[in-house]
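The values are calculated or read from the model by the stated rules, or taken from the named source; none is laboratory data. From a predicted model like this one, the values you see are computed outputs, not experimental measurements. Glycine also receives a Cβ, built like all others from the backbone with ideal geometry; neighbour counts cover every protein chain displayed. Heads up: the accessible areas ignore ligands, DNA and RNA and are worked out on the full protein's heavy atoms, side chains in. Shrake-Rupley method; radii C 1.70, N 1.55, O 1.52, S 1.80 Å.
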Amino acid sequence: PYCPGYETQAAFWLVNASGTPSSSLLATSHNTSTSTNFPYTASAMGAAKVGSEYIVVGYSATVGYGIGSTSSLPKNVAAFWNLGDGSLSSAPTSLVFANDSDNPGTNSDYTIDNSWAVGVNSNGYIVGNRTFRAKESRNYPTKMFIAKYSSSSDAISSTTTPITTSGVNSEAAAVNNADQVVGWTDERSVTSQPVFGSVSRLQEAFIYNINTGNRYALNDLICGLDSAGAKSCMHNGKYYYIEYANGITDDGAIVASARRFDSYTDWSTLSNGTNVVVKLSVSSTTAFDSNHDIPTGYVVANQLPVFDYGASDSSGGGSFGIFGLLAMAGAAAVGQYRRFVKKGS
C-alpha cells in the first residue's frame, strides 16, 4: 500500500485465503487539521492485527515550515488507520502525535519538521521517525520514535524517543512481534559533526528491545571468541560492516545492507568494499534470552579501528556471535561509503 507521488492517498485491500483481493478501500481523509494549498498526500507503510483490530501506520500530509525558514511547506506527519475487524467499512486518518508541538503545524517555533511511521506489531507498538527542525549539537537530526497504540481508547497511549544523545541521528526500519526494533544510528563515535548540507556521517545497524531498553550494534553480534579468548570476525573469509538493518522476523532473523571486504585491512580503512545484502540468522546453538535480549557472552566489540584504535584483528577459528551471516547479493566495488542522512519530505 505504498504509493508515493502527487495527490496520493492511503489504500487498503482485504485478501482472502487464496491470496485474491476481495475488497479495497481508500482512507476516508487526509490529515486536514491545517488548511493548505499544497497537494494532500498519504501513504500506508505497515500493518498488524492488534487484538481484534487491524491497524495500519504511515504518514499523511500537513503544512509546516522549512528548516531555518518561515516559509510554509508541505510536511509529512505520522499517522495510523484503524480498519476495525478488517471488513474495510471505514478508515479515518488519526495522528500518532496529537499535540501540535509534536507536529510540523503552523508555528515556525515547533520542534519537528517531518514524521512518519514505518511499522506496527501485534502488541500495538508503532515505530517511526521524526526529523527535527530545531538544531541539536550543530545538527538537525532524524530520530526514531516508539508509540503504543491502545485498543481500548483507539488512540496512542504513550510515545518515547529511545536515542536521546543530542544531535545523533537514528532511524527505525521495522519491528517484530517480540518487540525488537531494527534500523540504523550514527556510528557510535560520531556525534559532533554537522550533517545537514555539510559533513556526512557513517551509520551502523542496530537491534533495540522495546521492553528492556537495551540496544546493540549488529556489528558487535557477528564475532566470536576462540578457546584462548581471541576475537574472530571473519565469515567465509570475508569481513563485513553492517550499515542499515531493513527488516526483522519474529524469530529474530534480520535482513540488512552491508559492505563486504576481502581483508581486515580493507575493512579497517573502509576501502575496496562491495555492497551486499545480508541475512543474519540466530544460530541453532544460541538464542535470545527470555526477555528477547542478547546474552552478554555474545556481544563482542567490533568497532571500526578508524574510530577505535584499540581494536585488533584475529582470524583464528572459534565460536561465532549470536548471528550467523549470509551474503545474499552483491554490487559494484566502491571505496568510502558514507552517506548524507535522508531528510523527510
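Brief remarks follow.
- For Lys279, the accessible surface of its heavy atoms amounts to roughly 80 Å² (probe 1.4 Å, protein chains only, rounded to the nearest 10).
- Local net charge near Ser151, Cβ-Cβ under 15 Å (Lys/Arg +1, Asp/Glu -1): -1
- Gain on full extension, evaluated as 0.36 nm per residue between Ser18 and Ser157 minus their Cα-Cα distance, stands at 46.4 nm.
- Nitroxide proxy distance, nm - points 7 Å out along Cα→Cβ at Glu53 and Lys148: 1.5
- Accessible surface for Ser152 stands near 110 Å², nearest 10, in the context of the full protein assembly shown (1.4 Å probe).
- Listed values for the stretch 118-128 are Karplus-derived 3J(HN,Hα) couplings in whole Hz (6.51 cos²θ - 1.76 cosθ + 1.60, θ = phi - 60°), namely 10, x, 8, 10, 5, 8, x, 7, 10, 10, x, and x replaces Gly and Pro.
- The smallest convex shape that holds all Cα atoms of the stretch 259-301, its convex hull, gives 118 Å³ per residue.
- Of the whole protein surface, Asp220 contributes about 20 Å² of accessible area at a 1.4 Å probe radius.
- Here the ratio of the Cα radius of gyration of the stretch 158-273 to 2.2 N^0.38 Å is 1.16.
- Ordering Trp13, Trp184 by accessible surface, largest first, gives Trp13, Trp184; the 1.4 Å probe counts only protein heavy atoms, with every chain in place.
- FRET efficiency estimate (nearest 0.05) - Cβ-Cβ, Thr165 to Asn99, R0 22 angstrom: 0.40
- Accessible surface, the stretch 218-276, averaged per residue in Å² (probe 1.4 Å): 37
- Accessible-area order (highest first, 1.4 angstrom probe) of the listed residues His235, His292: His292, His235
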